[in-house]
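Trainee: Let me give you the structure first, and then I'll get to my questions.
The values are calculated or read from the model by the stated rules, or taken from the named source; none is laboratory data. Computed from a predicted structure; not experimentally measured. Don't worry about glycine lacking a Cβ; one is built from the backbone with ideal geometry, like all the others, and counts go over all protein chains shown. To get the accessible areas, we keep the full protein, side chains included, count just its heavy atoms, and leave off ligands, DNA and RNA. Shrake-Rupley method; radii C 1.70, N 1.55, O 1.52, S 1.80 Å.
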Amino acid sequence: SAVISQKPSRDICQRGTSLTIQCQVDSQVTMMFWYRQQPGQSLTLIATANQGSEATYESGFVIDKFPISRPNLTFSTLTVSNMSPEDSSIYLCSVVGGTGPYEQYFGPGTRLTVT
Amino acid sequence: AQSVSQHNHHVILSEAASLELGCNYSYGGTVNLFWYVQYPGQHLQLLLKYFSGDPLVKGIKGFEAEFIKSKFSFNLRKPSVQWSDTAEYFCAVNPINDYKLSFGAGTTVTVRA
(Lines give C-alpha, C1' and ligand atoms only; values in the text may rest on other atoms or scores of the structure.)
Protein backbone atom coordinates (compact mmCIF):
# COMPACT_ATOMS: atom_id res chain seq x y z
CA SER A 1 0.00 0.00 0.00
CA ALA A 2 1.06 3.60 -0.56
CA VAL A 3 2.73 5.58 2.20
CA ILE A 4 1.02 8.90 2.73
CA SER A 5 2.26 11.86 4.71
CA GLN A 6 0.53 15.08 5.60
CA LYS A 7 1.79 18.45 6.74
CA PRO A 8 1.20 19.97 9.17
CA SER A 9 0.15 17.25 11.59
CA ARG A 10 -1.73 19.81 13.64
CA ASP A 11 -2.23 23.55 13.83
CA ILE A 12 -4.08 26.14 15.82
CA CYS A 13 -5.32 29.04 13.70
CA GLN A 14 -7.23 32.23 14.24
CA ARG A 15 -10.61 32.74 12.66
CA GLY A 16 -10.53 34.52 9.33
CA THR A 17 -7.19 33.07 8.32
CA SER A 18 -6.41 30.27 5.87
CA LEU A 19 -4.40 27.08 6.21
CA THR A 20 -2.97 24.94 3.44
CA ILE A 21 -2.59 21.23 4.13
CA GLN A 22 -0.18 19.17 2.09
CA CYS A 23 -0.53 15.52 1.17
CA GLN A 24 2.45 13.60 -0.22
CA VAL A 25 2.35 10.02 -1.52
CA ASP A 26 5.39 7.82 -2.07
CA SER A 27 4.10 6.52 -5.43
CA GLN A 28 2.12 7.86 -8.33
CA VAL A 29 -1.61 7.60 -7.85
CA THR A 30 -4.43 8.70 -10.08
CA MET A 31 -7.12 9.35 -7.55
CA MET A 32 -6.79 11.31 -4.33
CA PHE A 33 -9.49 12.33 -1.94
CA TRP A 34 -9.89 14.80 0.88
CA TYR A 35 -12.04 13.99 3.90
CA ARG A 36 -13.07 15.85 7.02
CA GLN A 37 -13.67 14.29 10.42
CA GLN A 38 -15.38 16.71 12.74
CA PRO A 39 -15.10 16.14 16.49
CA GLY A 40 -17.01 13.04 17.52
CA GLN A 41 -18.23 12.40 14.01
CA SER A 42 -17.37 10.16 11.10
CA LEU A 43 -15.47 10.96 7.94
CA THR A 44 -17.13 13.04 5.27
CA LEU A 45 -15.79 13.30 1.74
CA ILE A 46 -14.94 16.87 0.76
CA ALA A 47 -13.71 16.39 -2.79
CA THR A 48 -11.96 14.20 -5.30
CA ALA A 49 -8.66 15.56 -6.61
CA ASN A 50 -7.49 14.23 -9.95
CA GLN A 51 -4.32 15.38 -11.63
CA GLY A 52 -4.89 17.57 -14.64
CA SER A 53 -8.49 18.47 -13.89
CA GLU A 54 -10.54 20.52 -11.48
CA ALA A 55 -11.39 18.94 -8.18
CA THR A 56 -14.89 17.56 -7.85
CA TYR A 57 -16.65 18.73 -4.69
CA GLU A 58 -19.34 16.95 -2.72
CA SER A 59 -22.58 18.56 -1.74
CA GLY A 60 -22.02 21.13 0.98
CA PHE A 61 -18.42 21.88 0.02
CA VAL A 62 -17.36 24.63 -2.36
CA ILE A 63 -14.15 25.55 -4.10
CA ASP A 64 -13.99 29.05 -2.61
CA LYS A 65 -13.92 27.59 0.90
CA PHE A 66 -11.77 24.51 0.17
CA PRO A 67 -9.56 25.14 -2.87
CA ILE A 68 -7.57 22.09 -3.91
CA SER A 69 -4.50 21.75 -6.04
CA ARG A 70 -3.17 18.58 -7.66
CA PRO A 71 -0.03 19.55 -9.56
CA ASN A 72 1.25 15.99 -10.06
CA LEU A 73 0.50 12.34 -9.33
CA THR A 74 2.14 12.31 -5.89
CA PHE A 75 1.04 15.56 -4.29
CA SER A 76 -2.07 17.56 -3.42
CA THR A 77 -2.99 20.47 -1.21
CA LEU A 78 -6.23 21.44 0.48
CA THR A 79 -6.71 24.99 1.71
CA VAL A 80 -9.23 25.81 4.39
CA SER A 81 -10.10 29.44 3.74
CA ASN A 82 -11.51 32.15 5.94
CA MET A 83 -11.66 29.76 8.85
CA SER A 84 -14.24 29.72 11.60
CA PRO A 85 -14.40 27.54 14.73
CA GLU A 86 -16.77 25.22 12.83
CA ASP A 87 -13.84 24.27 10.61
CA SER A 88 -12.07 22.66 13.56
CA SER A 89 -11.66 19.08 12.36
CA ILE A 90 -9.23 16.46 11.30
CA TYR A 91 -8.55 16.68 7.58
CA LEU A 92 -7.37 13.52 5.84
CA CYS A 93 -6.22 12.71 2.37
CA SER A 94 -6.57 9.27 0.87
CA VAL A 95 -5.50 7.48 -2.27
CA VAL A 96 -6.80 4.52 -4.19
CA GLY A 97 -4.44 1.55 -4.18
CA GLY A 98 -3.83 -1.92 -2.89
CA THR A 99 -4.90 -5.27 -4.23
CA GLY A 100 -8.42 -4.19 -5.05
CA PRO A 101 -9.40 -1.34 -7.36
CA TYR A 102 -11.50 0.40 -4.77
CA GLU A 103 -9.32 0.20 -1.70
CA GLN A 104 -8.43 3.52 -0.16
CA TYR A 105 -5.51 4.27 2.09
CA PHE A 106 -5.45 7.23 4.39
CA GLY A 107 -2.88 9.69 5.54
CA PRO A 108 -2.31 10.42 9.23
CA GLY A 109 -4.53 13.50 9.15
CA THR A 110 -4.11 17.15 10.04
CA ARG A 111 -5.78 18.23 13.27
CA LEU A 112 -6.98 21.80 12.87
CA THR A 113 -8.25 23.94 15.73
CA VAL A 114 -9.70 27.35 14.94
CA THR A 115 -9.94 29.83 17.77
CA ALA B 1 -26.69 8.42 -2.17
CA GLN B 2 -25.74 5.58 0.10
CA SER B 3 -25.76 5.76 3.89
CA VAL B 4 -24.13 3.59 6.52
CA SER B 5 -25.38 2.83 10.03
CA GLN B 6 -23.32 1.41 12.85
CA HIS B 7 -25.46 0.22 15.69
CA ASN B 8 -23.13 0.64 18.61
CA HIS B 9 -21.47 3.88 19.59
CA HIS B 10 -19.30 2.47 22.34
CA VAL B 11 -18.61 -1.14 23.26
CA ILE B 12 -16.73 -2.19 26.39
CA LEU B 13 -15.41 -5.73 26.65
CA SER B 14 -13.08 -7.81 28.73
CA GLU B 15 -10.16 -9.60 27.14
CA ALA B 16 -11.05 -12.95 25.54
CA ALA B 17 -14.66 -11.87 25.03
CA SER B 18 -16.18 -12.11 21.58
CA LEU B 19 -16.87 -8.99 19.57
CA GLU B 20 -19.51 -8.28 16.99
CA LEU B 21 -20.08 -4.84 15.52
CA GLY B 22 -23.13 -4.21 13.39
CA CYS B 23 -23.11 -2.34 10.11
CA ASN B 24 -26.02 -1.76 7.76
CA TYR B 25 -26.08 0.24 4.59
CA SER B 26 -28.75 1.62 2.34
CA TYR B 27 -28.11 1.54 -1.37
CA GLY B 28 -30.08 -0.06 -4.17
CA GLY B 29 -27.16 -1.36 -6.19
CA THR B 30 -24.04 -3.43 -5.74
CA VAL B 31 -21.50 -2.14 -3.29
CA ASN B 32 -17.99 -2.68 -2.05
CA LEU B 33 -17.75 -2.94 1.73
CA PHE B 34 -14.94 -2.11 4.10
CA TRP B 35 -14.04 -2.03 7.75
CA TYR B 36 -11.40 0.43 8.85
CA VAL B 37 -9.76 0.65 12.25
CA GLN B 38 -8.12 3.59 13.97
CA TYR B 39 -5.94 2.70 16.94
CA PRO B 40 -5.25 5.42 19.51
CA GLY B 41 -2.83 7.94 18.05
CA GLN B 42 -2.61 6.16 14.73
CA HIS B 43 -4.11 6.75 11.34
CA LEU B 44 -6.98 4.94 9.72
CA GLN B 45 -6.08 1.43 8.52
CA LEU B 46 -7.95 -1.00 6.31
CA LEU B 47 -9.04 -4.01 8.36
CA LEU B 48 -10.85 -5.99 5.69
CA LYS B 49 -12.85 -5.62 2.52
CA TYR B 50 -15.51 -7.32 0.46
CA PHE B 51 -15.82 -6.92 -3.27
CA SER B 52 -17.43 -10.15 -4.45
CA GLY B 53 -17.40 -13.92 -3.95
CA ASP B 54 -17.41 -15.61 -0.56
CA PRO B 55 -19.50 -13.40 1.72
CA LEU B 56 -17.36 -14.33 4.72
CA VAL B 57 -14.13 -12.38 4.51
CA LYS B 58 -11.14 -12.56 6.76
CA GLY B 59 -8.95 -9.62 7.56
CA ILE B 60 -5.93 -8.81 9.62
CA LYS B 61 -5.52 -9.54 13.33
CA GLY B 62 -8.13 -12.31 13.43
CA PHE B 63 -11.07 -10.18 12.34
CA GLU B 64 -13.73 -11.39 9.94
CA ALA B 65 -16.90 -9.95 8.50
CA GLU B 66 -19.94 -11.45 6.86
CA PHE B 67 -21.85 -9.82 4.05
CA ILE B 68 -25.55 -10.65 4.14
CA LYS B 69 -27.03 -9.14 1.02
CA SER B 70 -30.65 -9.68 2.00
CA LYS B 71 -30.10 -7.72 5.19
CA PHE B 72 -27.80 -5.07 3.70
CA SER B 73 -25.41 -5.89 6.51
CA PHE B 74 -21.67 -6.32 6.90
CA ASN B 75 -21.03 -7.18 10.53
CA LEU B 76 -17.54 -7.39 11.95
CA ARG B 77 -16.56 -10.17 14.33
CA LYS B 78 -13.65 -11.38 16.38
CA PRO B 79 -13.96 -14.51 18.54
CA SER B 80 -11.57 -13.39 21.27
CA VAL B 81 -10.47 -9.79 21.68
CA GLN B 82 -7.23 -8.53 23.13
CA TRP B 83 -6.42 -5.33 24.96
CA SER B 84 -4.65 -4.18 21.77
CA ASP B 85 -7.97 -4.24 19.90
CA THR B 86 -8.98 -1.07 21.71
CA ALA B 87 -9.70 1.29 18.83
CA GLU B 88 -12.38 2.99 16.81
CA TYR B 89 -13.93 0.93 14.04
CA PHE B 90 -15.55 2.36 10.94
CA CYS B 91 -17.72 0.61 8.40
CA ALA B 92 -17.63 2.10 4.90
CA VAL B 93 -19.21 1.41 1.54
CA ASN B 94 -18.94 2.59 -2.03
CA PRO B 95 -21.01 1.72 -5.06
CA ILE B 96 -19.40 -0.86 -7.30
CA ASN B 97 -18.25 1.64 -9.92
CA ASP B 98 -17.54 4.59 -7.67
CA TYR B 99 -14.61 5.35 -5.46
CA LYS B 100 -16.44 7.64 -3.08
CA LEU B 101 -16.59 6.11 0.36
CA SER B 102 -19.45 6.69 2.77
CA PHE B 103 -18.58 6.01 6.38
CA GLY B 104 -20.62 4.99 9.36
CA ALA B 105 -20.41 7.01 12.55
CA GLY B 106 -17.86 4.65 14.04
CA THR B 107 -17.83 2.39 17.08
CA THR B 108 -15.38 2.90 19.89
CA VAL B 109 -14.26 -0.44 21.31
CA THR B 110 -12.61 -0.52 24.72
CA VAL B 111 -11.08 -3.81 25.82
CA ARG B 112 -10.32 -4.10 29.51
CA ALA B 113 -7.33 -6.18 30.49
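Trainee: What list of ³J(HN,Hα) values in whole Hz, one per residue of region A:83-90 in order, does the Karplus curve 6.51 cos²θ - 1.76 cosθ + 1.60 (θ = phi - 60°) give from phi, with Gly and Pro shown as x?
Mentor: 5, 10, x, 5, 7, 5, 6, 9
Trainee: For each pair in B:61/B:100; A:7/A:65; B:49/B:69, compute the distance between the two Cα atoms and list the pairs where it is over 21 Å.
Mentor: Working: B:61/B:100 26 Å; A:7/A:65 19 Å; B:49/B:69 15 Å.
In this structure, B:61/B:100 exceed 21 Å between Cα atoms.
Trainee: Right, another one. Under a no-solvent Debye model with one identical scatterer per Cα of chain A, what's log10 I(q)/I(0) at q = 0.10, 0.20, 0.24 Å⁻¹?
Mentor: -0.26, -1.05, -1.47
Trainee: If you filter region A:1-105 for GluC sites (Glu not before Pro), then keep DSSP loop positions with at most 12 other Cβ within 10 Å, what is left? Display every interim value, and only then the final one.
Mentor: On the way: sites: A:54, A:58, A:86, A:103; in loops: A:54, A:58, A:103.
Answer in residue order: A:54.
Trainee: Under the Kirkwood approximation for Rh and a Cα-based Rg, what ratio Rg/Rh is obtained for the protein assembly as shown?
Mentor: Numbers: Rg = 17.6 Å, Rh = 18.2 Å.
My calculation puts Rg/Rh at 0.97.
Trainee: Next up: In peptide A:102-112, what is the residue-averaged number of other protein chain Cβ atoms found within 10 Å of each Cβ?
Mentor: Details: counts 14, 6, 10, 5, 7, 2, 4, 3, 0, 0, 0.
Whole-number average of other-chain Cβ neighbours for A:102-112 is 5.
Trainee: Rolling a 1.4 Å sphere over the protein heavy atoms, what is the accessible area per residue of chain B, to the nearest Å²? The partial results should precede the final answer.
Mentor: Working: 5380 Å² over 113 residues.
Counting only protein heavy atoms, the per-residue value for chain B is 48 Å².
Trainee: If you restrict to DSSP beta bridges whose two residues both lie in the protein assembly as shown, what percentage is antiparallel, to the nearest 5? Before the final figure, lay out each step's value.
Mentor: Numbers: 68 of 77 bridges.
Of the beta bridges lying entirely in the protein assembly as shown, close to 90 percent run antiparallel.
Trainee: Give me the number: length gained by fully extending residue A:13 to residue A:84, i.e. 0.36 nm times residue separation minus the C-alpha to C-alpha distance, one decimal in nm.
Mentor: Numbers: separation 71, 0.36 × 71 = 25.56 nm, distance 0.92 nm.
Gain on extension, residue A:13 to residue A:84, equals 24.6 nm.
Trainee: What's the local net charge at residue A:38, with K and R +1, D and E -1, over the other residues with C-beta under 10 Å away? Walk me through the intermediate numbers first.
Mentor: Working: positive: A:36; negative: A:86, A:87.
Around residue A:38, the charge tally is -1.
Trainee: Where Lys and Arg each count +1 and Asp and Glu each count -1, what net charge lies around residue A:56 among other residues with Cβ under 14 Å from its Cβ? Present the calculation step by step, with values, prior to reporting the outcome.
Mentor: Values: positive: A:70, B:100; negative: A:54, A:58, B:98.
Net charge in that neighbourhood comes out at -1.
Trainee: Just report the Cα centroid separation between region A:1-49 and region B:1-70, whole Å.
Mentor: Going from one Cα centre to the other spans 23 Å.
Trainee: A further question on this structure: How large is Rg/Rh for region B:1-92, to two decimals, with Cα atoms and a Kirkwood Rh? Intermediate values should be presented prior to the final figure.
Mentor: Numbers: Rg = 13.0 Å, Rh = 13.6 Å.
For region B:1-92, the value is 0.95.
Trainee: Once you measure Cβ to Cβ distances between cysteines in the protein assembly as shown, which Cys have no partner under 4.7 Å?
Mentor: Cys with no partner Cβ under 4.7 Å: A:13.
Trainee: Among A:44, A:77, what's the order by accessible area (1.4 angstrom probe), most exposed first?
Mentor: Details: A:44 65, A:77 20 Å².
Listed by decreasing accessible area, they come as A:44, A:77.
Trainee: Using a 7 Å offset from the Cα along the Cα-to-Cβ direction at both residue B:83 and residue B:5, what is the distance between the two label points in nm, to one decimal?
Mentor: So the two model labels end up 3.7 nm from each other.
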